[in-house]
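One structure below.
The values are calculated or read from the model by the stated rules, or taken from the named source; none is laboratory data. These numbers were taken from a predicted model, which means no experiment stands behind them. Positions of Cβ are generated from backbone atoms using ideal geometry, with glycine treated the same way; all protein chains shown enter the neighbour counts. The accessibility values were calculated without ligands, DNA or RNA, using every heavy atom of the protein model including side chains. Shrake-Rupley method; radii C 1.70, N 1.55, O 1.52, S 1.80 Å.
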Amino acid sequence: MNEATLQYVRQHSDDDVRMLALRGCKDADVDLPLALQQIQGRQTARHKLPTWAANDGIMYPPHLNMEQCSSERTARYKADLARRLLPLRPTNATDKRPHTDIPLPTTLIDLTGGFGVDFAMMSEVFTQAIYVERNSQLYDISSANLRILGRQNVETACADGVEFLSRYTGHANMIFLDPARRDDHGGRTYGIADCTPNVLHMRDELLAKADVVVLKLSPMLDWGKAVSDLGPEQVQEVHIVSVGGECKEMLVVLSARPLVPTRLVCVNDADIFEVSPLPSHPSTFTSSGLPFTVSGSPLKPDVSPLATDVSPLTSDATVAGSQLYPPYSELTSPLYLYEPNASIMKAGCFAELSQCFGVAALAPNSHLFVSHDFISDFPGRKFLLSTISTMNKRDLKEALRGIAQANIAVRNFPISVAELRRRLKLSEGGSTYIFATTLAEGNRVLLIGSRL
């Protein structure tokens, strides 16, 4: 990028790209298409990659690549994951320093480097990191950015990842892949076999050339099917990663020799909830009905949705399978409502959540939980309920007295938010929250309260 183009980018960094394109530029030295690409990239990076956005030398790729690249927060999570997975060499017996470990030389290979956000973050963890990208434009941009970022331990290759792997004769500690999730016509794909490259065809070679393989997959993909497709005996961990309540990606860790039973980790910002399937059931990997044991967050002493000395949500609970649901008569004050975060909603590990935090599910399909005790570290949104109303007109009139606006959500309820809002004659917003749901007994109720 020449100096005239760079100055144009700096001058118009906050302007509307579409208006700039329509207006054009009279300075013949300004490469306008490149300038507009950089302005749009910088504007996206301010929210997605704030550290990079603060670096004036960073170059940005076309808009589609910026859409597809990881955010800084999710890339940092991968770096932390890589750091935990790296091997350590025990201190030599003659070393006088107690309780220390010396890192081994380590190698990372990213076979689908793309814009390089994940690679740049993870490369800090390794002594050697190899970036591979087949798109020459992306390769040139990312290679230049890695130099600007001062990455001294990296090697780059403009090559097809599959071909690079076949020629690679060494052994890496980690191989990372983010298969392209678009077909030849630009349409989105989600299945592992439909992505490029097809990791299912490469699995054995990947595992032969790396200690662990980390795959970044679509958050739309069912994690149980992903494990089944890749092979339960090779999957060591599954991470469902959300940021700000939005599910962003799924990470699957593969190993030829898994050291622990498969772990399912649900991450949303600082909230982390982990469950581990029982090792005696290696073939029952599905996102529902899986035999789990809870780890990472032990059961709270004397707190359980079934413990009558703590919570009255038990006496006449409705039974559906092995799960008990509180009847309407037991939803008495004080009552707290809990809504799991996006990663847990995606994972579907609701029974494990109930067991771990001592909260009772309202119904099999509501994915809402209640407790008479406040659970401050519950991984999701928390509410204090002030009123629980039936849909009877008289009950509704009394429950909504003095409420002109509310934030409304429906869960396992026969009408939409828009229709319910029309019927209740409430505008949107305010500090009141209303959840419309159906209890296990069939009662349709409104749960009204405030967010904590």
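Among residues of the range 256-271 being at pLDDT below 85 and of a type in the set (Val, Ile, Thr), the one that is nearest to Arg84 (Cα to Cα) is Val260.
Restricted to the range 138-183, and to residues that are at pLDDT below 90, over 23 Å from Val253 (Cβ atoms) and of a type in the set (Lys, Arg), which residue is surrounded by the fewest Cβ atoms within 10 Å (Cβ to Cβ)? The residue in question is Arg182.
Of Val417, Val410, all but one fail to be touching a helix residue (DSSP H, G or I) at 6+ places or on another chain (Cβ under 6 Å) and either surrounded by 13 or more Cβ atoms within 10 Å (Cβ to Cβ) or not hydroxyl-bearing (Ser, Thr, Tyr) (or both); the exception is Val410.
Count of the range 192-205 residues, restricted to those that are within 15 Å of Gly231 (Cα to Cα) and either among the basic types (Lys, Arg) or at pLDDT below 85 (or both), is 3. Taking the numbered list (1) over 21 Å from Leu64 (Cα atoms); (2) buried (at least 19 other Cβ atoms within 10 Å of the Cβ); (3) at pLDDT 90 or above in turn, Leu217 passes all entries but (1).
Scanning the range 420-452 for residues that are touching a residue at least 60 places away in the same chain (Cβ under 8 Å) and open to solvent by 40 Å² or more (accessible area, probe 1.4 Å) yields Glu441, Asn443, Ser450, Arg451, Leu452.
Within this structure, Lys393 passes the test of being without any contact (Cβ under 8 Å) to a residue 60 or more places away in the chain, open to solvent by 80 Å² or more (accessible area, probe 1.4 Å) and at negative phi. Mind checking which residues of the range 370-389 are outside any loop (DSSP other than H, G, I, E, B) and either on the phi > 0 side of the Ramachandran plot or in contact (Cβ under 8 Å) with a residue 60 or more places away in the chain (or both)? Residues satisfying the conditions are Ser371, Gly380, Arg381, Lys382, Phe383, Leu384, Leu385, Ser386, Thr387, Ile388.
Across the range 113-131, the number of residues qualifying as among the hydroxyl-bearing types (Ser, Thr, Tyr) and either part of a strand (DSSP E or B) or surrounded by fewer than 24 Cβ atoms within 10 Å (Cβ to Cβ) (or both) comes to 2. Of the helices (runs of 4 or more DSSP H) lying entirely inside the range 1-86, those carrying at least 1 residues that are open to solvent by 20 Å² or more (accessible area, probe 1.4 Å) and of a type in the set (Lys, Arg) are 3-11, 17-23, 32-48, 72-85.
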